[in-house]
Amino acid sequence: MKVILVTGSNGLLGQKIVYKLRNNQKVTLIATARGENRLIEQSGYEYKSLDITKKAAVAEIVAKYKPDSIIHTAAMTNVDDCESNQTGAWQGNVVAVENLIAAIKDHSPETQLVHLSTDFIFDGKNGPYREEDEPNPLSYYGMTKYEAEKRLYDSGIHWAILRTIIVYGIVDNMSRSNIVLWAKNALEKGQPINVVNDQFRSPTLAEDLADGCISAALKNVQGIYNVSGKDLMSIVQLVERVADYFGLDKTLINPISSESLNQPAKRPPYTGFVLDKAYRELDYRPHSFEEGIAIVYEQVVANDLKKGS
C-alpha cells in the first residue's frame, strides 16, 4: 500500500488527482488544503486542513503520515497577483517548498516530493523548451517558481519536478473559470472579447496533468519532466479553436497585443514544451486540444444535469 499525500486538494489539479486516486486499492490517500474540504465526493481518502506556509503544521502532517510521495499542487498561481503581492507569492511558492523539504528531512527522509512548476520560469525567446534549457523568468511569479525548483536541486531529498502550461478543466460546483469556459460563455452571449495574439502556449487538460503527477508518484521517478498539452498555439488561436468547436461567431474575437493590456507582470511570448521524456518515462499521453474541450464540455453538461435534478 502506497501512501500519497496531496497538497492543494481544493484546487483544479488537486481535485483531479484526488478523484483519480480515491478508489485505488493500492493507495492510501491523504488530501490537504487550506480550510475545509470543498470536494463533493468525500469518501475514499482522508482530509486534513493544512496551511503549507506554516512550518510546524507541515512537519506535523509529514511526521504523522510519513507518505511515500507528496504531490505538491498548492501554490499562488495568479501571475499579476504575485507581482502585486510579492510577500504572499514568496510564502506560497518558495517558503512552502522549504517547509516540505525540512519536514521530509526531519521526519520522513524516504518521501518523494513531486513538485509542480511552470513554463513561466522561461523568458519565451526559445520555445518549445526541453527540461535542460536554462530558465530566465520575466515575472515575480516565474522567479518564485524557479527559486522553489532551486531549493529542490540542492535539498538532498528524492524529488521530481513537473513543469506545465495553462491548465484548464472543471472543478466541483463550477467554482472557478478557465480560458475555455470564459471564451465559450462570452461568445455564446454575443460579447466581443479581446484576446492576445502574440503569446504562444500549449494548454494542458487538468486530467492529463493529474495522470502525469500520479505516474511520477507511482513510478517514484526523480528529475525534471515537461508535462503539458501537445498542441502549441497562440492564445487567440486557442480561443478561435474553442469557437470552432462550439460553432460560435469568431468575428467577436478581437486580436490585441500583450503590450496593449498593460498587465502588471510580463509574460513569456513563446513557450511550449518538448514532451519526449514524459512520453518515455511517465507513459504520458495527453489529449489533443479538441479532445480536451470535449471532455470539459461533457463535465459542464453533467454538472448542469446535477443542478437540475
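The values are calculated or read from the model by the stated rules, or taken from the named source; none is laboratory data. These numbers were taken from a predicted model, which means no experiment stands behind them. Every residue, glycine among them, receives a Cβ derived from its backbone with ideal geometry; neighbour counts consider all protein chains shown.
Mind checking whether some residue in the range 225-247 is of a type in the set (Phe, Trp, Tyr), in contact with a Phe, Trp or Tyr (Cβ under 6 Å, 6 or more places away or on another chain) and over 24 Å from Asp81 (Cβ atoms)? No - not one qualifying residue is present in the range 225-247. Only one entry in Gly127, Gly142, Gly88, Gly92 is surrounded by fewer than 19 Cβ atoms within 10 Å (Cβ to Cβ) and either in a loop (DSSP other than H, G, I, E, B) or among the small types (Gly, Ala, Ser) (or both), namely Gly88. Taken over the range 259-309, the criterion of being closer than 23 Å to Ser234 by Cα and of a type in the set (Lys, Arg) is satisfied by Lys266, Arg267, Arg285.
In the range 109-123, the count of residues that are surrounded by fewer than 24 Cβ atoms within 10 Å (Cβ to Cβ) and part of a helix (DSSP H, G or I) is zero.
Listed conditions (1) within 18 Å of the chain's Cα centre (by Cα); (2) closer than 14 Å to Ile157 by Cβ are all met by Ile52, apart from (2). Under the condition of being surrounded by 15 or more Cβ atoms within 10 Å (Cβ to Cβ) and acidic (Asp, Glu), which residue from the range 228-280 is nearest to Leu138 (Cα to Cα)? Going through the qualifying residues, I end up with Asp231.
Counting only strands (runs of 3 or more DSSP E) that fall entirely inside the range 174-285 and contain at least 3 residues that are farther than 18 Å from Ile161 by Cβ, the qualifying elements are 193-196, 253-256.
Among the residues of the range 35-50, is there at least one that is within 30 Å of Gly272 (Cα to Cα) and in contact (Cβ under 8 Å) with a residue 40 or more places away in the chain?
So in the range 35-50, the residues within 30 Å of Gly272 (Cα to Cα) come out as none.
No: zero hits.
Here Asp154 fulfils each of the conditions (1) under 18 Å from Val95 (Cβ atoms); (2) touching a Lys or Arg at 6+ places or on another chain (Cβ under 7 Å); (3) at pLDDT below 95; (4) not hydrophobic (A, V, I, L, M, F, W, C) apart from (2).
When you go through Tyr270, Tyr279 one by one, which is the residue that is modelled with pLDDT of 95 or more and either of a type in the set (Lys, Arg) or under 28 Å from Asp80 (Cα atoms) (or both)? First the steps, then the outcome.
Details: Tyr279 fails: either of a type in the set (Lys, Arg) or under 28 Å from Asp80 (Cα atoms) (or both).
From the options Tyr270, Tyr279, the qualifying one is Tyr270.
If we scan the range 52-72, do we find a residue that is closer than 19 Å to Thr204 by Cβ and either hydrophobic (A, V, I, L, M, F, W, C) or out of contact with any Pro (no Cβ under 6 Å at 6 or more places or on another chain) (or both)? Write out each step before concluding.
So in the range 52-72, the residues closer than 19 Å to Thr204 by Cβ come out as 71-72.
Next cut, either hydrophobic (A, V, I, L, M, F, W, C) or out of contact with any Pro (no Cβ under 6 Å at 6 or more places or on another chain) (or both) only: 71-72.
The answer is yes, given that some residue of the range 52-72 is closer than 19 Å to Thr204 by Cβ and either hydrophobic (A, V, I, L, M, F, W, C) or out of contact with any Pro (no Cβ under 6 Å at 6 or more places or on another chain) (or both).
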